[in-house]
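Engineer: Sharing a structure below in structure tokens format, with a few things to ask.
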Amino acid sequence: MSATATSTPPPAAPKVSGGKGGRTRLSFPVVLLIIAGALLALSAVRAVTGAQDVTSAGQISAALAMAVPIGLAGLGGLWAERAGVVNIGLEGMMILGTFFGAWAGWQTDPWIGVLAGVVGGMLGGLLHAFATVTFGVDHIISGIAINILALGFTTYFAKLWFNTGEAAEAGGSPKQSPPADSITTVTVPGLSDWLHSVEKHHWFFVSDFAGILGGLVTHVSLLTLVAAALFVGTFFVLWKTSFGLRLRSCGENPVAAESLGVNVYRYKYIAVIISGGLAGLGGAFLSLVTSHIYNEGQTGGRGYIGLAAMIFGNWRPGGLAMGAGLFGFADALQLRNGGESVHALLLLLVVMLAVLAVWKLYRKRFVPGVVSAVIAAAVLVWYLATDTVPTEFVSATPYVVTLLVLSLSAQRLRMPKADGMRYRKGQGK
Amino acid sequence: MKKFDKERLLLGIAAPLLAIVVAFLVTALVLAATGKEPFSAFGIMFDYGLKSDSQVYILNKGTTYYLAGLAVAIGFRMNLFNIGVDGQYRLAAFFAAALGGALTLPGALQIPMIILTAMIVGAMWAGIAGVLKVTRGVSEVVSTIMLNSIATAIIGYLLQQGRLGHLDEAGTKISTTPIPESSHFFEFPTTPTPVWGFIVVAVVAGFAYWFTLGRTRFGFDLRTVGQSGSAAEASGVDVKKMVVTSMLISGAMAGLIGMPTLLNDSYEYSGDFPVGIGFTGIAIALLGRNHPVGIALGALLWGFLERGTGKLEFEGYDKEIVGVIQGVIVLCVVIAYEVVRRYGLKRQQSRVGAELAAKAARNSDQQEVSA
């Protein structure tokens, strides 16, 4: 009589989609309106507080660079979870990506490094698929095991491969690889300079728009473009092809899929291996674009953040891209003069909370209304009493934002129905 | 009706043993592939790992790991994945250390206060994830991971000169104010180094874990929720309350993790306070199959591996091989348990099937006789 975690049905985020039905799909104009609204709010914050960096090209450029690895990890999570396999091993697969990416990258060409990183991640994915699909191990447990294993392997081999002979001469150490060449970045000629000059005028809204656009067209790594293409490609493959429909059917109702002749195991394998490859690519981006070297602990939990971004994005590529952008933005804040920017954004938080409070009170939901109002007042006092936010809190911003966003939106999310559940061939018979 | 099933027990022990053997094989392959002689490495590990000073080291490390394993296992038994044990114990140890350094009460009063503070802080931090799960539907896996990072930020903020931090005389290390000597925990005067007295608390915690889960109504409810939330709900268990309660208990247990180090070794919280033990706890809980004795064995094994591989560094090997061994053990063990579980289930099904068939046959015999 020993009930272990492995002997029970796998856990999942509580199914809260409930009777009200899923979230209504946002149409394209509505998305544009939301983006415009957000931009307006940011412009207002910048204009009122004078924290010019909030929408500067530099900030946006940094945000984009930070968003890509998170987005790629999230995209990996998306593939796996759409096929019904929860992949918390993304972190480990990312670690493999950073390691193999840098290992091949410094010896040869960075693009070969990218390939090696993808292959490294795929190996992690294969292992995860092997454990969860073939053996039916609980997905979260297998994922944690892979994270531990990937860390152990890379730590050992980094010391062996980067601290000896040629690698050591080229600047390697037990925890660091020698530097690799950089991957070409592109800047749209003319447009970038023009946007930069517009941004410098600090005109309300116009300069903010120019700053954001400028950040997106200046010094963009080719690998970032690859990542963007992968987002579009993922949407196309998963939602517009019969292959994608079959793959998603494995995540929604594998028994039904099986009865229609879909080889569920094979689709799950493919999905999880691709998932690992994408996470590995995210890792390779970290080691080859963000820093040019492998560094122990470089991923810093980005695999988990990617997972959170995917949940935030309601298991869809568009939402995931937005989530990754948000985390990237928060991540970039800490790189650049973050204290002042986060301090400015506190004001935005106050306004949002105040609006929420008024709305709740209007709907006669007094308890949440009053709670929101009290928090808004507290944040306002904090804002007025200080000039900047301590760096430690700036570094915590992405995590706090994740928690806040998830606690506000988790009930409106709908995960694939059979996500995280153990599936055995023929179980429906 | 519960009968002692020898074969089942055998299977239960065979799985982890098999995993450990496979792990050593894989490690041997890795060592051989990287041009190192594997078997002398294992020889060194066992020779050194079983020396008396190593035994003390393993017991002391094991105390910490055991508490970590228990903290994780409480969640696991209920199907809650408390990945946040890591942040919980660090935050708890930090505040407990700060309090312990600030007060100078008699030890008999202050030690329980320090421990209690740690448990409360740990419980509160875990409780956030529990409350978010039941009220807002946020998966505890994601929220506890976020809380880990936030805990790191909070400690980083507070552990500074002028806040709760305290610069040492050399001016190189920031730590909390050291806890006065009167509040140090007792030690067993073993040679060459003492065994930490906190091992007693760990044993008591293990016993409490076993008793609560196996022998009380609460433990029964908890395990029921873990096996089937809807069945528990139907039999009148308040599942939401159970989720929050078990998160709180798990967090309180996590609060104890830092105590052996704090009260028996470092007496202060500084930058070199051990980190990442929450994740070690996950591995150990998996290895020990959430069983109090299994977790103890797992904790000792982890201590042994670390001690043994540490010696390898001086013999021309790399001590980082420990990560490979541990990683492979964890992955193999979860697969092995799953295979054994499925085999056991199949065996049970076929036995029940056979019994039913025998009964049916007997019934039809009787019918023929009476006919």
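The values are calculated or read from the model by the stated rules, or taken from the named source; none is laboratory data. Keep in mind that what you see is a predicted model, and the values were worked out from it rather than measured. With ideal geometry, Cβ positions are generated from the backbone for all residues, glycine too; neighbour counts draw on all protein chains shown.
Engineer: Determine the pairs where a residue that is on the phi < 0 side of the Ramachandran plot and within 11 Å of chain B (Cβ to nearest Cβ), located within region A:411-424, has a partner that is surrounded by fewer than 16 Cβ atoms within 10 Å (Cβ to Cβ) and aliphatic (A, V, I, L, M) with Cβ atoms under 9 Å apart, the partner being 6 or more residues away or on another chain.
Structural biologist: A:411/A:16; A:412/A:16; A:413/A:16
Engineer: When region B:159-173 is examined, which residues are found to be touching a strand residue (DSSP E or B) at 6+ places or on another chain (Cβ under 7 Å), buried (at least 18 other Cβ atoms within 10 Å of the Cβ) and within 14 Å of chain A (Cβ to nearest Cβ)?
Structural biologist: Residues satisfying the conditions are B:159, B:165.
Engineer: If I filter region A:387-409 down to residues being closer than 20 Å to residue A:50 by Cα and in contact with a Leu (Cβ under 9 Å, 6 or more places away or on another chain), which single residue comes out as nearest to the other protein chains (Cβ to nearest Cβ)?
Structural biologist: A:394
Engineer: Still on this structure, I have one more. Does region B:100-116 contain at least one residue that is out of contact with any Lys or Arg (no Cβ under 7 Å at 6 or more places or on another chain), assigned by TED's automatic domain parsing to the domain that holds residue B:281 and under 29 Å from residue B:240 (Cα atoms)?
Structural biologist: Yes, region B:100-116 contains a residue that is out of contact with any Lys or Arg (no Cβ under 7 Å at 6 or more places or on another chain), assigned by TED's automatic domain parsing to the domain that holds residue B:281 and under 29 Å from residue B:240 (Cα atoms).
Engineer: Kindly establish whether residue A:132 is over 30 Å from residue A:207 (Cα atoms), within 21 Å of the chain's Cα centre (by Cα), hydroxyl-bearing (Ser, Thr, Tyr) and in a helix (DSSP H, G or I).
Structural biologist: No.
Engineer: Does residue A:90 satisfy being modelled with pLDDT of 75 or more and either within 14 Å of chain B (Cβ to nearest Cβ) or touching a helix residue (DSSP H, G or I) at 6+ places or on another chain (Cβ under 7 Å) (or both)?
Structural biologist: For residue A:90, the condition - modelled with pLDDT of 75 or more and either within 14 Å of chain B (Cβ to nearest Cβ) or touching a helix residue (DSSP H, G or I) at 6+ places or on another chain (Cβ under 7 Å) (or both) - is met.
Engineer: Could you please give the count of residues in region A:398-429 that are in a loop (DSSP other than H, G, I, E, B) and either within 20 Å of residue A:368 (Cβ to Cβ) or among the acidic types (Asp, Glu) (or both)?
Structural biologist: 2
Engineer: Also, I was wondering about something else. Taking residue B:182 and the conditions (1) buried (at least 18 other Cβ atoms within 10 Å of the Cβ); (2) more than 14 Å from chain A (Cβ to nearest Cβ); (3) in contact with a helix residue (DSSP H, G or I) (Cβ under 6 Å, 6 or more places away or on another chain); (4) in a helix (DSSP H, G or I), which numbered condition does it fall short on, given that it satisfies the others?
Structural biologist: Residue B:182 satisfies every listed condition except (1).
Engineer: Hey, could you check region A:235-268 for residues that are of a type in the set (Ser, Thr, Tyr) and crowded, with 21+ Cβ neighbours inside 10 Å and say which is nearest to residue A:110 (Cα to Cα)?
Structural biologist: Result: A:267.
Engineer: I've got another one for you. Quick check on this structure: which one of A:420, A:328 is more than 20 Å from residue B:136 (Cβ to Cβ), at pLDDT 80 or above and surrounded by 21 or more Cβ atoms within 10 Å (Cβ to Cβ)?
Structural biologist: A:328
Engineer: Additional query: Being within 14 Å of chain B (Cβ to nearest Cβ), in contact with a Leu (Cβ under 7 Å, 6 or more places away or on another chain) and farther than 14 Å from residue A:269 by Cβ, is that true of even one residue in region A:127-144?
Structural biologist: The answer is yes, given that some residue of region A:127-144 is within 14 Å of chain B (Cβ to nearest Cβ), in contact with a Leu (Cβ under 7 Å, 6 or more places away or on another chain) and farther than 14 Å from residue A:269 by Cβ.
Engineer: Now for a different question. Looking at (1) out of contact with any Gly (no Cβ under 6 Å at 6 or more places or on another chain); (2) part of a helix (DSSP H, G or I), which is the one condition that is false for residue A:320?
Structural biologist: All conditions pass for residue A:320, except number (1).
Engineer: Okay, moving on. Would you confirm whether or not region B:332-339 contains a residue that is at negative phi and more than 10 Å from chain A (Cβ to nearest Cβ)?
Structural biologist: Checked region B:332-339: no residue is at negative phi and more than 10 Å from chain A (Cβ to nearest Cβ).
Engineer: A further question on this structure: Has region A:292-301 got at least one residue that is touching a residue at least 12 places away in the same chain (Cβ under 8 Å) and assigned to a helix (DSSP H, G or I)?
Structural biologist: no
Engineer: Something else now. Would you call residue A:218 under 30 Å from residue A:44 (Cβ atoms), modelled with pLDDT of 90 or more and surrounded by 19 or more Cβ atoms within 10 Å (Cβ to Cβ)?
Structural biologist: So residue A:218 fails the test.
Engineer: So, in region B:221-237, of the ones that are loosely packed, with under 14 Cβ neighbours inside 10 Å and of a type outside the set (A, V, I, L, M), which residue ends up farthest from the other protein chains (Cβ to nearest Cβ)?
Structural biologist: B:236
Engineer: Looking only at region A:106-122, decide whether some residue is within 14 Å of chain B (Cβ to nearest Cβ), of a type in the set (Gly, Ala, Ser) and closer than 22 Å to residue A:316 by Cα.
Structural biologist: no
Engineer: Can you name the condition, by its number, that residue A:81 falls short on among (1) touching a Pro at 6+ places or on another chain (Cβ under 7 Å); (2) under 30 Å from residue A:415 (Cβ atoms); (3) more than 14 Å from chain B (Cβ to nearest Cβ)?
Structural biologist: Failing condition for residue A:81: (3).
Engineer: Among (1) outside any loop (DSSP other than H, G, I, E, B); (2) within 14 Å of chain B (Cβ to nearest Cβ), where does residue A:383 come up short?
Structural biologist: It is condition (2) that residue A:383 fails.
Engineer: Still on this structure, please answer the following. Could you tell me which numbered condition residue B:138 fails, if it satisfies all but one of (1) surrounded by 15 or more Cβ atoms within 10 Å (Cβ to Cβ); (2) within 14 Å of another protein chain (Cβ to nearest Cβ); (3) in a helix (DSSP H, G or I); (4) out of contact with any His (no Cβ under 9 Å at 6 or more places or on another chain)?
Structural biologist: (3)
Engineer: Is at least one residue of region B:141-158 in a loop (DSSP other than H, G, I, E, B) and within 9 Å of chain A (Cβ to nearest Cβ)?
Structural biologist: No: region B:141-158 contains no residue that is in a loop (DSSP other than H, G, I, E, B) and within 9 Å of chain A (Cβ to nearest Cβ).
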